[in-house]
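What follows is one structure encoded as structure tokens, with my remarks underneath.
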Amino acid sequence: SDSFDRYEYDVVVIGAGGAGLRAAIEARSRGLRTAVITKTLLGKAHTVMAEGGAAAAMGNGNPKDNWQVHFRDTMRGGKFLNDWRMAELHAKEAPTRIWELEHWGALFDRTAEGLISQRNFGGHEYPRLAHVGDRTGLEVIRTLQQRLVALQRADAEEFGDPEARLKVFDETTITRLLTDDGRVSGAFGYVRQTGEFVVLAAPTVILATGGLGKMYTVTSNSWDYTADGHALALRAGAELVNMEFIQFHPTGMVWPPSVRGVLVTEGVRGDGGVLRNSESRRFMFDYVPEVFRSIYAETEAEADRWYADPENNRRPPELLPRDEVARAINSEVKAGRGSPHGGVFLDVSTRMSPEEIRRRLPAMHHQFAELAGVDITREPMEVGPTAHYVMGGMRVDADTTATTLPGLFAAGECASGMHGSNRLGGNSLSDLFIFGARAGAGAAEYLALLGDSRPAVHETAVADALAEALAPYDREDGENPYEVHQALQRVMTELVGIVRDGDELAKALGELELLRERAEHVRVEGDRLYHTGWHLTFDLRNMALIAECVARSALERNESRGGHTRGDFPAMDPSWRGVVLTCRDHDGRVHLSRRVMPPMRADLVALFEPDELRKYFTESELAQLGVAR
Ligand code: FAD
């Protein structure tokens with residue numbers, strides 16, 4: 001049938017989290033007719049759940065902070081696999097983007113002098129996270145939405161129509177990108193409530209769809225994190241990179257089972273929370289890796305002094321980057337030193353008064369009281385690793401966020417490069433605003449060059465997308481999509497989890513091949529009105545495809561680095577440092593290749609001590625960079 005709604009825009013932004021909203025504001029501010037599409041209700045994107053804050057070297061917590069220090073921390077956190085240009089832009093532009101939010105009405109917590117307050121977080125040398133208690137994401141989304149509404153009001157005055165240049169399609173899922181002769185030409189999707197289809201023609205599409213945590217059993221992510229953007233991009237011909245790097249946040253709730261995986265913010269450790277095993281030992285002191293040994297405390301006494309006197313003491317090992325802490329907890333539990341429900345203990349009650357805990361960590365206090373019956377002002381929390389963030393995603397140009405498919409841009413969690421092999425906490429929120437704005441600008445530049453030669457929407461492609469969407473209704477003997485989803489989660493959790501192994505990854509690939517086949521043959525019945533089973537058929541195909549990218553890349557990378565740990569290759573290998581694994585789609589099959597990153601610019605190299613670079617780079621790279629032996 002041809003009864004579906006058709007629209008035409010200059011820019012279609014898929015995703016209404018921090019990255020998508022910031023991109024849409026930029027595109028509309030440049031006069032472009034912009035649509036924002038979101039699977040959820042507006043305001044319900046993942047970004048709303050962000051707790052700890054946004055990292056920006058404003059220097060309010062310590063005047064010694066600046067973009068160079070932030071850049072160094074980010075590169076160290078990512079184990080030097082980061083796209084250094086993205087890390088540079090991020091470190092330089094983060095303060096401006098935070099002040100911009102403040103200007104638009106965001107009410108950040110303040111210092112006594114009235115500056116934006118900044119808190120400590122893992123891997124950040126100085127207090128750097130701008131925050132609103134432990135509910136930062138809520139304030140950020142509220143602010144961006146308010147900005148969006150202000151732009152719509154301006155259009156109402158000018159054109160008599162608030163949606164003249166900026167329209168939000170909420171509860172709408174995009175299932176396919178449309179292309180014309182190797183360029184993006186639009187998107188196809190459906191409205192979740194009605195099951196009706198929509199076609200959006202546009203010469204530029206910005207993907208801001210977030211991550212993929214729902215392919216794991218235990219995750220901090222919400223239901224909409226099903227790798228959609230990754231799969232849309234791959235199928236349309238764009239490249240994905242770094243897919244082996246998944247961040248397992250060290251501290252998710254482990255009990256009760258119904259809330260397993262729900263996040264416990266790193267702010268708890270930033271504000272003084274300590275980790276202990278069943279023997280009451282602060283075990284993180286046993287897990288400080290060689291590359292970080294000089295900057296972390298060796299004794300509890302020194303770590304304790306750091307909170308009051310950071311100038312003369314080194315930071316506690318609880319504040320190591322996330323990959324290190326997650327692996328340490330995993331090892332303690334495996335060694336039989338875990339808490340009763342298979343985690344470890346995280347305690348702030350010995351460090352802060354109950355009033356201070358309730359003021360600084362209100363959401364955590366509430367979350368544990370309501371969900372677990374635990375009073376964190378008096379008792380420790382039980383915590384363990386939870387699938388949290390994907391460092392892998394679309395390969396993008398740092399300055400414009402252009403993907404390898406003309407007209408397609410990507411920003412936020414679904415893009416890759418910025419965080420290398422491991423993201424530092426707080427670096428995602430700032431990433432969203434910086435590269436969201438750059439995506440809007442990149443799309444505007446592309447459109448200006450395009451002139452009148454706009455790509456076409458081909459009716460055969462629309463018919464294909466429609467047939468694909470309806471296929472689960474036509475199958476006589478398909479499977480239940482929920483069962484296939486659970487099977488996929490089990491394979492990813494058991495065989496492609498925190499610590500991986502070559503044999504297990506090979507086994508996972510075998511199982512994933514079958515699961516991809518099963519995902520193509522699921523069946524649903526009934527009408528299409530808010531049919532969650534039907535919705536899952538799309539999510540499932542996406543997760544199954546992208547799970548294969550994760551497993552394939554993980555098997556290829558014979559080393560451990562950041563969010564990729566191989567039990568059979570436990571060390572970091574300098575010969576892998578500059579190598580990025582790239583996934584492409586070849587007629588439905590995932591094709592993997594290696595790409596060597598360009599050498600870091602000399603002025604950025606000069607920000608590091610040669611001794612530190614020697615821990616990561618090969619001899620020949622050091623020679624190429626002009627670093628003396
Ligand atoms: P999102 O905010 O997730 O938005 C994705 C959007 O895409 C949604 O609107 C979704 O509906 C839409 N979408 C997806 N697929 C489709 C489709 N097929 N069709 C249409 N729409 C689609 N980071 C920090 O820096 N600091 C923190 O303190 C912090 N705390 C966190 C706490 C929690 C509990 C979690 C889970 C993450 C936290 N993070 C934090 C990470 C950070 O919040 C996310 O990485 C970030 O918000 C992602 O933003 P985004 O704009 O890329 O995507």
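Report yes if Leu115 is within 14 Å of the ligand (Cβ to nearest atom) and surrounded by fewer than 23 Cβ atoms within 10 Å (Cβ to Cβ), otherwise no.
Judged against the criteria, Leu115 is not a match.
Working carefully through the options Gly420, Gly436, find the one that is in a loop (DSSP other than H, G, I, E, B), within 16 Å of the ligand (Cβ to nearest atom) and within 14 Å of His90 (Cβ to Cβ).
Gly420
Is it fair to say Arg315 is under 25 Å from Asn422 (Cβ atoms) and either out of contact with any helix residue (DSSP H, G or I) (no Cβ under 6 Å at 6 or more places or on another chain) or loosely packed, with under 15 Cβ neighbours inside 10 Å (or both)?
no
Quick one: which of Thr209, Thr204 is away from the ligand (no atom under 13 Å from the Cβ), closer than 24 Å to Glu26 by Cα and surrounded by 24 or more Cβ atoms within 10 Å (Cβ to Cβ)? Outline the logic, then answer.
Working: Thr209 fails: away from the ligand (no atom under 13 Å from the Cβ).
Sole residue among the options that is away from the ligand (no atom under 13 Å from the Cβ), closer than 24 Å to Glu26 by Cα and surrounded by 24 or more Cβ atoms within 10 Å (Cβ to Cβ): Thr204.
Restricting attention to the range 349-366, and to residues there that are within 26 Å of Ala303 (Cβ to Cβ) and under 27 Å from the mean Cα position of the chain (by Cα), which single residue is surrounded by the fewest Cβ atoms within 10 Å (Cβ to Cβ)?
So, considering only residues that are within 26 Å of Ala303 (Cβ to Cβ) and under 27 Å from the mean Cα position of the chain (by Cα), the one surrounded by the fewest Cβ atoms within 10 Å (Cβ to Cβ) is Pro362.
Considering only residues that are free of Cβ contacts under 8 Å to residues at least 12 places away in the same chain and closer than 18 Å to Ala227 by Cα, which ones fall in the range 487-524?
If the condition is that a residue be free of Cβ contacts under 8 Å to residues at least 12 places away in the same chain and closer than 18 Å to Ala227 by Cα, then Glu517 is the only one that fits.
Assess whether Leu505 counts as being crowded, with 17+ Cβ neighbours inside 10 Å and either under 30 Å from His249 (Cβ atoms) or of a type in the set (Lys, Arg) (or both).
Here the answer is yes, as Leu505 does meet what is asked.
Hey, any hits in the range 168-177 for a residue that's away from the ligand (no atom under 15 Å from the Cβ), crowded, with 16+ Cβ neighbours inside 10 Å and either at pLDDT 95 or above or closer than 14 Å to Gly15 by Cβ (or both)? Write out each step before concluding.
Step one: of the range 168-177, the residues away from the ligand (no atom under 15 Å from the Cβ) are none.
No - not one qualifying residue is present in the range 168-177.
Which numbered condition in (1) touching a helix residue (DSSP H, G or I) at 6+ places or on another chain (Cβ under 9 Å); (2) among the hydroxyl-bearing types (Ser, Thr, Tyr); (3) crowded, with 18+ Cβ neighbours inside 10 Å is the only one that Ser553 fails?
Ser553 satisfies all of (1) touching a helix residue (DSSP H, G or I) at 6+ places or on another chain (Cβ under 9 Å); (2) among the hydroxyl-bearing types (Ser, Thr, Tyr); (3) crowded, with 18+ Cβ neighbours inside 10 Å except (1).
Which residue out of Glu318, Glu311, Glu356 is out of contact with any Phe, Trp or Tyr (no Cβ under 8 Å at 6 or more places or on another chain) and assigned to a loop (DSSP other than H, G, I, E, B)? Step through it out loud before you land on a result.
Values: Glu318 fails: assigned to a loop (DSSP other than H, G, I, E, B); Glu356 fails: assigned to a loop (DSSP other than H, G, I, E, B).
After applying the criteria, what remains is Glu311.
Among the listed residues Ala465, Ala448, Ala444, which satisfies the condition of being more than 28 Å from the chain's Cα centre (by Cα), more than 12 Å from the ligand (Cβ to nearest atom) and among the aliphatic types (A, V, I, L, M)?
Ala448
For the range 415-436, does any single residue satisfy the condition of being modelled with pLDDT of 95 or more, out of contact with any His (no Cβ under 9 Å at 6 or more places or on another chain) and among the acidic types (Asp, Glu)?
no
Might you check whether a residue that is closer than 19 Å to Pro321 by Cα, out of contact with any strand residue (DSSP E or B) (no Cβ under 6 Å at 6 or more places or on another chain) and touching a residue at least 40 places away in the same chain (Cβ under 8 Å) occurs anywhere in the range 548-561?
For the range 548-561, residues closer than 19 Å to Pro321 by Cα, out of contact with any strand residue (DSSP E or B) (no Cβ under 6 Å at 6 or more places or on another chain) and touching a residue at least 40 places away in the same chain (Cβ under 8 Å): present.
The values are calculated or read from the model by the stated rules, or taken from the named source; none is laboratory data. As the structure is a computational prediction, the values presented were derived from the model and not from experiment. Virtual Cβ from ideal backbone geometry, glycine too; neighbours counted across all protein chains shown.
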